[in-house]
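The values are calculated or read from the model by the stated rules, or taken from the named source; none is laboratory data. Every value quoted in this text rests on a predicted model; they were computed, and no experiment measured them. Here the Cβ is made from the backbone with ideal geometry for all residues, glycine too, and neighbour counts use every protein chain on show. Just so you know, the surface numbers come from the protein's heavy atoms only, side chains and all, with ligands and any DNA or RNA stripped out. Shrake-Rupley method; radii C 1.70, N 1.55, O 1.52, S 1.80 Å.
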Amino acid sequence: MTKATVQITSSETSIKRGLDFIYRVASTTDGFDSYGNLLICCFALVGATSRDASLRRLARSRAQKLAQRWSRAHPLVPSDAGPDLVLKFVLVRYALSRLGLRDVALNAQVLTAAKRFSAQDLLGFNPISEPPANDLSYACDCGLKNQRGRMYCRQCRRRLEIQSRYRVWMRALASTYISERCGILCGARFLDVLKWLPTMRPYPVGGVGENVEFLRDAIYAVTHIVYTLNDYGTYRLRPSWLPREFAYLKANVAGACERKDPEVLGELLDSLKAFGLRASHPLIMRGTGYLLKEQNEDGSWGDPNEENIRTRCHTTWTAIDGLRTYAWRGERLGRPEVKSMLKRFAR
């Protein structure tokens with residue numbers, strides 16, 4: 001039995017332990033209220049794209065149970081729903097579509113609600129006319145979401161933390177892609193966001209001190225290029241379509257292991273698998289070995305003392321995706337019309 005085969009066998013147990021952890025969190029009131037829409041998406045994507053049949057059944061069952069709970073808590077889109085809540089509804093609609101489920105009436109409500117907002121409202125910038133913003137702050141600790149460009153909170157006067165342009169771009173890639181898959185427009189199209197790819201190059205390297213978070217955001221942006229082009233784990237991608245991004249992902253595996261960063265490592269591994277790297281590839285074997293060794297006793301990955309349950313769940317989710325095998329449906333782009341754009345980007 002090869003080392004790669006042993007890792008695959010061990011991974012199956014680790015994956016189910018990780019899913020059990022996430023489901024325990026989803027079963028709590030606090031966990032579901034703060035992260036329910038993303039947890040539904042987690043189980044739906046695992047259920048839709050995993051090669052392991054038993055894993056697909058388990059994940060689909062849990063996604064459906066959580067979706068039913070979401071529907072009971074959110075039977076209608078509130079008339080005063082803000083952009084963040086509308087995007088949560090969109091994500092749940094997308095997750096259900098991956099399971100072959102639809103709610104025509106609720107879809108119509110989400111579509112109507114989304115039309116009330118501009119790209120600036122939903123994405124934080126307007127990708128039709130400008131590149132990803134570098135002056136957009138996170139929500140303040142007091143809860144206020146401040147206007148773009150502010151350095152201090154209008155309400156409590158705290159200094160605001162500014163999002164990197166890579167994080168803004170990553171969120172816009174995901175939001176526009178998922179919305180369009182549901183027939184909803186976020187004030188701009190996915191291609192409007194993707195067209196800024198050449199502007200975002202070259203991607204940062206290294207990652208020491210304060211630069212680590214900037215590096216992590218850039219890696220996440222690149223992994224989300226992969227996710228939105230391969231329909232979140234559905235298709236393999238050809239490395240020649242994104243040669244610089246493929247090289248960048250490979251170059252960051254060792255650093256993620258050395259920094260003990262399972263969250264980033266999970267996204268690196270599943271993206272590289274999408275480019276065709278097999279379980280026996282040295283980078284996949286190194287990353288897989290690290291994840292198997294670093295799983296916590298409760299089934300999670302990451303810092304077990306982390307108070308932010310969203311962080312704990314997302315780290316565990318990405319580790320699961322980095323370990324699991326995919327039921328690829330061939331080599332192609334989820335959006336074939338993107339191919340001509342990628343050819344221009346490769347020059």
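Hey, which of these cross-link pairs are over 30 Å Cα-Cα: 16/250; 260/343; 250/343; 88/343? Let's see the in-between values first.
Working: 16/250 27 Å; 260/343 36 Å; 250/343 21 Å; 88/343 33 Å.
Listed pairs above 30 Å: 260/343; 88/343.
Carbon and sulfur together cover what percent of the accessible area of region 195-259 at a 1.4 Å probe radius? Numbers along the way, then the final one.
Working: 1460 of 2530 Å².
Exposed carbon and sulfur together represent 58 percent of the surface.
As an exercise, use a Förster radius of 56 Å and the Cβ-Cβ distance of residue 61 and residue 152 to find the FRET efficiency, rounded to the nearest 0.05.
Rounded to the nearest 0.05, the efficiency is 0.70.
Using a 1.4 Å probe, what is the accessible area per residue for the chain, in Å²?
46
Find the percent of Cα-Cα distances in region 243-320 that exceed 22 Å, and round it to a whole number.
22
Between residue 195 and residue 214, 0.36 nm times their residue separation minus their Cα-Cα distance comes to what?
Length gained, residue 195 through residue 214: 4.7 nm.
Spelling out what I want: for every residue of region 50-65, take phi, set θ = phi - 60°, compute 6.51 cos²θ - 1.76 cosθ + 1.60 (Karplus), and round to whole Hz; glycine and proline get x.
Per residue, the Karplus-derived 3J(HN,Hα) values read 6, 6, 6, 5, 5, 5, 4, 4, 4, 5, 4, 4, 6, 4, 5, 5 Hz.
Consider a paramagnetic label point 7 Å from the Cα of residue 280 along Cα→Cβ; state which residues of region 226-256 have an amide N under 15 Å from it.
none
Between residue 142 and residue 292, with labels modelled 7 Å along Cα→Cβ, what's the label distance in nm to one decimal, could you check?
For residue 142 paired with residue 292, the spin-label model returns 5.2 nm.
Once you measure Cβ to Cβ distances between cysteines in the chain, which Cys have no partner under 4.7 Å?
41, 42, 182, 186, 257, 313
Using 0.36 nm times the number of residues separating residue 29 and residue 71, minus their current alpha carbon distance, what extension gain do you get?
Separation in residues times 0.36 nm, less the Cα-Cα distance, equals 13.6 nm.
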